[in-house]
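See below for the structure under consideration.
The values are calculated or read from the model by the stated rules, or taken from the named source; none is laboratory data. As the structure is a prediction and not an experimental result, all values here were calculated from the model. Because the Cβ atoms are built from the backbone with ideal geometry, glycine has one as well, and the counts that use them run over all protein chains shown.
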Amino acid sequence: MRAALGALASAGLITTAACGDSGNAASGAAAGSAAAASGAATAARDEPAETDWRYTLAPLPYAYDALEPVIDAETMQLHHGRHHQAYVNGLNAALEARPDLQGMALEEILARVSGLPVAFRNHGGGHWNHDFFWNSMTAPGTGGEPSEAFASAIDEAFGSLEAMKEAFNQAGGGQFGSGWAWLIVNDAGDLEVTATPNQDNPLMDVAEVQGTPILGNDVWEHAYYVQYRNRGGDYLAAWWDVVDWSVASERYASAVED
Ligand SMILES: [Fe+2]
C-alpha cells in the first residue's frame with residue numbers, strides 16, 4: 001500500500017504537500033532536520049521556512065467554466081474557492097496543534113487517521129479528495145479513452161466500461177448522505193468500486209475498503225445542487241463526459257506497478 005502511494009506521489013498525480021508541490025513538505029522537513037543537527041538550529045527556527053508545512057489552495061488546472069455544460073462555473077467557484085478552501089484551512093488548523101505531523105506527507109497522515117483528532121479525517125480527507133477530484137477532470141470531450149491495459153482490467157473486473165460506470169454510479173447514488181464514489185486498485189491488485197462517507201477515502205485506515213484511488217466523484221450536494229438540484233443521478237451520469245482518462249490510466253499504471 002505504501003509503495004503504491006509513493007508511486008502515485010512520485011508520478012505527480014496527487015498532491016502530497018503544501019503549495020501543490022509534492023516535494024515541499026518533505027524537503028522542508030529534511031532541511032529542518034539538517035539544521036537541527038547542526039549548530040544553526042536557533043537561526044533556522046527564526047526563518048520563515050518553519051511555516052512551509054502549511055497547505056495552500058492550488059488554482060484549478062482549468063478555467064471555472066471549462067467543464068460546462070457538465071458542471072457550471074458557479075458550482076466550480078463555490079466548490080473550489082469556498083468548500084475546498086475551508087478544508088485547507090481546517091487541515092492547517094489541525095496541524096498547528098500537532099507539530100509532530102507538520103511536513104508529513106498527507107497520505108501518511110490519512111493512513112494513520114484512526115489515531116488522530118477527527119479534524120485530520122474531515123479536513124485532511126477533504127483537501128486530498130478535492131485535489132484528486134479537480135485533477136480527474138478535463139473539458140467535455142477531451143478526456144480521451146482508457147489505456148489498453150486499463151481498459152482490459154476494467155473489462156476483466158466489470159465486464160465492460162459501461163458496466164463499471166454503472167457500478168460506480170450505483171455506489172455514488174447509494175451513499176447515504178454526503179460522500180464519495182471511488183474506482184480503486186485494491187490490495188489484491190484488482191479494480192474495485194467502493195464508496196466512502198463524508199470526506200473519508202480509501203487511503204484511510206478507517207475505510208471499509210482500502211486501496212489506491214484511480215477515480216473519485218464527489219457526491220456531496222455542494223458538488224451539483226446549484227445546477228442539478230436534487231437530480232444527483234443526472235450529475236453522476238453526466239460526470240463521465242469530463243473524466244480525464246489519460247490521468248486515470250496513468251494512475252492505474254502506477255498503482256499496478258508496485
Ligand atoms: Fe466537494
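Identify all residues within region 200-226 that are over 17 Å from the mean Cα position of the chain (by Cα) and within 14 Å of the ligand (Cβ to nearest atom); write none if there are none.
221, 224, 225, 226
When you go through (1) within 15 Å of the ligand (Cβ to nearest atom); (2) over 21 Å from residue 83 (Cα atoms) one by one for residue 196, which number turns out not to apply? Residue 196 satisfies every listed condition except (2). Going by the conditions given, is residue 55 outside any helix (DSSP H, G or I), touching a Leu at 6+ places or on another chain (Cβ under 8 Å) and either modelled with pLDDT of 95 or more or within 16 Å of the ligand (Cβ to nearest atom) (or both)? Here the answer is yes, as residue 55 does meet what is asked. Among what's in region 84-119 and is within 15 Å of residue 131 (Cα to Cα) and surrounded by fewer than 16 Cβ atoms within 10 Å (Cβ to Cβ), pick the residue that is farthest from the ligand (Cβ to nearest atom). The residue in question is 89. Within region 56-74, residues that are farther than 16 Å from residue 85 by Cα sit with their Cβ atoms under 6 Å from residues that are buried (at least 18 other Cβ atoms within 10 Å of the Cβ) and hydroxyl-bearing (Ser, Thr, Tyr), at 6+ positions apart or across chains, in these pairs: 73/64.
Of the residues making up region 227-258, those that are over 22 Å from residue 152 (Cβ atoms) and either among the aromatic types (Phe, Trp, Tyr) or more than 16 Å from the ligand (Cβ to nearest atom) (or both) are 228, 229, 230, 231, 233, 234, 235, 237, 238, 239, 241.
Would you please name the residue that is farthest from the ligand (Cβ to nearest atom), looking only at residues in region 68-83 that are outside any helix (DSSP H, G or I) and among the hydrophobic types (A, V, I, L, M, F, W, C)? Going through the qualifying residues, I end up with 70.
Test residue 180 against the stated conditions and say whether it is under 26 Å from residue 156 (Cα atoms) and either crowded, with 19+ Cβ neighbours inside 10 Å or not aromatic (Phe, Trp, Tyr) (or both).
It is true that residue 180 is under 26 Å from residue 156 (Cα atoms) and either crowded, with 19+ Cβ neighbours inside 10 Å or not aromatic (Phe, Trp, Tyr) (or both).
In this structure, does residue 50 turn out to be at pLDDT below 95 and out of contact with any Cys (no Cβ under 7 Å at 6 or more places or on another chain)? Taking the combined requirement at face value, the residue satisfies it.
Has region 149-160 got at least one residue that is of a type outside the set (Ser, Thr, Tyr), within 30 Å of residue 205 (Cβ to Cβ) and within 16 Å of the ligand (Cβ to nearest atom)? Taking every residue of region 149-160 in turn, none turns out to be of a type outside the set (Ser, Thr, Tyr), within 30 Å of residue 205 (Cβ to Cβ) and within 16 Å of the ligand (Cβ to nearest atom). Among the residues of region 120-136, is any loosely packed, with under 15 Cβ neighbours inside 10 Å and either touching a Leu at 6+ places or on another chain (Cβ under 8 Å) or free of Cβ contacts under 8 Å to residues at least 60 places away in the same chain (or both)? No, there is no match, as no residue in region 120-136 is loosely packed, with under 15 Cβ neighbours inside 10 Å and either touching a Leu at 6+ places or on another chain (Cβ under 8 Å) or free of Cβ contacts under 8 Å to residues at least 60 places away in the same chain (or both).
Among residues of region 78-91 that are over 17 Å from residue 61 (Cα atoms) and touching a residue at least 60 places away in the same chain (Cβ under 8 Å), those with a Cβ under 7 angstrom from a residue that is away from the ligand (no atom under 11 Å from the Cβ) and part of a helix (DSSP H, G or I), sequence gap 6+ or separate chain, pair up as 87/123. If the condition is being surrounded by 18 or more Cβ atoms within 10 Å (Cβ to Cβ), of a type outside the set (A, V, I, L, M), under 16 Å from residue 140 (Cβ atoms) and touching a Pro at 6+ places or on another chain (Cβ under 8 Å), then region 227-249 contributes only 245.
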